[in-house]
Amino acid sequence: MFYRGILLFFRSPRTTLVLWTSVGIALLLLMYFSMANDQIAPRIAIISLVFFLSRGFIAVELFRQAGQRVILNVFAVLMATYALFGVGRSLVTFLHGAPYDLMQTSRFQTPALVVNFIFICIIGLFFVLMLSSELVAIVEAQSLYDHVSGALNRRGIDQRLALELVRAERKGYQLAIALIDIDHFKQINDTAGHAAGDAALKQVVEVISSRLRSYDLFGRYGGDEFLLVLPQTSCDDALRIAGRIERAVSSLAVSRLALPISLSIGLTVATFRESSNSMLARADMALYNAKQAGRNCTRILLASINEDSRRR
């Protein structure tokens, strides 16, 4: 998030050294030009330069994190302009002298006060807009995750699958999915309780997630069923991944009662221009075949030649 990035930026040794050194020098100079040699022009210039540094650092960090976000890019330009405005005011003060009263009306002082007022109002507005967008992003992110298992929820994994199907078609790579069911999960809930069932869900998610590649996607599809999306994965590779997952989960057991945990897995691979519903229906049939075969196994079901040719 942006605010975390700003905090980390200002905690970096280099930034901290520059800022605190600047503030220390500025304080010493302000004391000198206030007590030993009372002059208002140097004081205005010093304060403006300190503001330039702080606003400049913020502008740099905004540009660094903005990416394609319009609000951050506009805010970065605004902050950079505000930083340059401080330098401009220092130059004007040295060239034309300092005002006797900071609130007096003059051709330089009045525009400076107006511009400062406008900048402060706009910056406040942008902070509110940024905070709102951050909160919306947090809420949206939370709405895509299952609060029990920590994996993506049904909505989240469905969205990712739809995106991956489009990407696979555009880039021409294979895409496999696996529907994964925890065997006899109702027995775990009935025997050990729902708390133990939730713990088993978390265990399974942690074990599976730790054995996936960085671009694989994993989500809770409903109850004790999970959906695994495997981009850039052939049928053989998907079978190897499923085997790795089965072996890892086989070492788990429900605490206290030592009930073993096993998985039934249904695999399939996307065909040309296939919809997510069609692909999921085939994976569901493969999962049904795995359960019919006695559970604790993997079955794969591919699209028929006729079905694939109709899509082409």
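The values are calculated or read from the model by the stated rules, or taken from the named source; none is laboratory data. From a predicted model like this one, the values you see are computed outputs, not experimental measurements. Cβ: placed from backbone, ideal geometry, glycine included. Neighbour counts: every protein chain shown.
The figures follow:
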| item | result |
| --- | --- |
| Top-ranked residue of segment 35-64 - restricted to ones that are polar (S, T, N, Q) and part of a helix (DSSP H, G or I), ranked as nearest to Ile123 (Cα to Cα) | Ser54 |
| Flag if Leu201 is buried (at least 17 other Cβ atoms within 10 Å of the Cβ) and touching a strand residue (DSSP E or B) at 6+ places or on another chain (Cβ under 7 Å) | no |
| Strands (runs of 3 or more DSSP E) contained entirely in segment 211-272, each with at least 1 residues that are under 28 Å from the mean Cα position of the chain (by Cα) and assigned by TED's automatic domain parsing to the domain that holds Lys186 | 217-222, 225-231 |
| Ala200, sole failed condition from (1) assigned to a helix (DSSP H, G or I); (2) under 25 Å from the mean Cα position of the chain (by Cα); (3) touching a residue at least 24 places away in the same chain (Cβ under 8 Å) | (2) |
| Positions within segment 247-275 being at pLDDT 90 or above and either basic (Lys, Arg) or surrounded by fewer than 18 Cβ atoms within 10 Å (Cβ to Cβ) (or both), in sequence order | Arg247, Ala248, Ser262, Ser275 |
| Verdict on Arg170 being under 24 Å from the mean Cα position of the chain (by Cα), assigned to a helix (DSSP H, G or I), modelled with pLDDT of 85 or more and of a type in the set (D, E, K, R) | no |
